[in-house]
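Data first, discussion second: the structure below is written as structure tokens.
The values are calculated or read from the model by the stated rules, or taken from the named source; none is laboratory data. Worth saying up front: this structure is predicted, and the values here are computed from it rather than measured. Don't worry about glycine lacking a Cβ; one is built from the backbone with ideal geometry, like all the others, and counts go over all protein chains shown.
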């Protein structure tokens, strides 16, 4: 069973496969410090998998930085941008996937390497802006989001946007200039 089916089973609450639970025993997970809000990390211990799961989207340039960070803890067999796999050391394990999607790179990681998670946090990752992913979208006509845009928004952009403080949101908008309609749309989805 590939990584996406295993992750899907975890997300739907299905009993995890024995092999995935075996890859992440309780005694191999070190206590975790406070992680950055983004990318979000979900602890899977209540499902018998003593690891953290992340799924997020980045640009290709950031995907290269992620691959370099993965290589600091695990020896990747390939430097290809798009790949998936399972790697392990005597005490750490990772299931990962980097694949092209929505004009960027979708990253999925399950790992018990706290050091790797801290390394990813240190990258200060951000998703590409919605106007880059959906250049034909008219934010003034969006109303409620549907289809692929709703999925992308809920899973990849909103977790970043809602956990960013006002200062970080302003820096993001300055780094990714857009028209006032997109700014207004984003402000409607900003936490108070």
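If you go through segment 47-62 one residue at a time, do you hit one that is over 14 Å from the mean Cα position of the chain (by Cα) and either in the same structural domain as residue 154 (by TED's automatic domain parsing) or part of a helix (DSSP H, G or I) (or both)? Write out each step before concluding.
The initial filter retains those residues of segment 47-62 that are over 14 Å from the mean Cα position of the chain (by Cα), namely 47-51, 61.
Checking which are either in the same structural domain as residue 154 (by TED's automatic domain parsing) or part of a helix (DSSP H, G or I) (or both) leaves us with 47, 61.
Taking every residue of segment 47-62 in turn, at least one turns out to be over 14 Å from the mean Cα position of the chain (by Cα) and either in the same structural domain as residue 154 (by TED's automatic domain parsing) or part of a helix (DSSP H, G or I) (or both).
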Fill in: Long-range neighbours under 7 Å by Cβ, at least six apart or interchain, first residue farther than 16 Å from residue 153 by Cα within segment 173-189, second surrounded by 10 or more Cβ atoms within 10 Å (Cβ to Cβ)
173/183; 176/129; 178/129; 178/131; 181/139; 181/140
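Could you please let me know if residue 56 is touching a helix residue (DSSP H, G or I) at 6+ places or on another chain (Cβ under 7 Å), at pLDDT 90 or above and more than 27 Å from residue 152 (Cα to Cα)?
Working: touching a helix residue (DSSP H, G or I) at 6+ places or on another chain (Cβ under 7 Å): yes; at pLDDT 90 or above: yes; more than 27 Å from residue 152 (Cα to Cα): no.
No: the conditions fail for residue 56.
Look at segment 66-92 and say how many of its residues are in a helix (DSSP H, G or I), surrounded by 15 or more Cβ atoms within 10 Å (Cβ to Cβ) and either touching a helix residue (DSSP H, G or I) at 6+ places or on another chain (Cβ under 8 Å) or touching a residue at least 60 places away in the same chain (Cβ under 8 Å) (or both).
The first filter runs over segment 66-92 and keeps only residues in a helix (DSSP H, G or I), leaving 66-73.
Filter again for surrounded by 15 or more Cβ atoms within 10 Å (Cβ to Cβ), leaving 66-67, 69-70, 73.
Remaining after also requiring either touching a helix residue (DSSP H, G or I) at 6+ places or on another chain (Cβ under 8 Å) or touching a residue at least 60 places away in the same chain (Cβ under 8 Å) (or both): 66, 69-70, 73.
Going through segment 66-92 one residue at a time, the tally reaches 4.
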Response to the item:
Per the list (1) crowded, with 17+ Cβ neighbours inside 10 Å; (2) assigned to a helix (DSSP H, G or I), residue check on residue 105 breaks on (2)
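Across segment 11-41, which residue is modelled with the lowest pLDDT among those that are exposed (fewer than 15 other Cβ atoms within 10 Å of the Cβ) and touching a strand residue (DSSP E or B) at 6+ places or on another chain (Cβ under 9 Å)?
The first filter runs over segment 11-41 and keeps only residues exposed (fewer than 15 other Cβ atoms within 10 Å of the Cβ), leaving 11-15, 18-19, 22, 26-27, 30-34.
Then keep just the ones that are touching a strand residue (DSSP E or B) at 6+ places or on another chain (Cβ under 9 Å); that gives 11, 32.
On the way: 11: 60, 32: 68.
Among residues in segment 11-41 that are exposed (fewer than 15 other Cβ atoms within 10 Å of the Cβ) and touching a strand residue (DSSP E or B) at 6+ places or on another chain (Cβ under 9 Å), the one modelled with the lowest pLDDT is 11.
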Worksheet entry | The lone exception for residue 137 - which of (1) surrounded by 13 or more Cβ atoms within 10 Å (Cβ to Cβ); (2) within 18 Å of the chain's Cα centre (by Cα); (3) not in a helix (DSSP H, G or I) it fails | (2)
Item to complete: Give the residue that is farthest from residue 171 (Cα to Cα), with candidates limited to residues of segment 109-125 that are touching a helix residue (DSSP H, G or I) at 6+ places or on another chain (Cβ under 6 Å) and outside any helix (DSSP H, G or I).
Response: 112
Worksheet, complete the sentence: Of the listed residues (100, 128, 148, 177), the one being assigned to a loop (DSSP other than H, G, I, E, B), surrounded by fewer than 15 Cβ atoms within 10 Å (Cβ to Cβ) and out of contact with any helix residue (DSSP H, G or I) (no Cβ under 6 Å at 6 or more places or on another chain) is 177
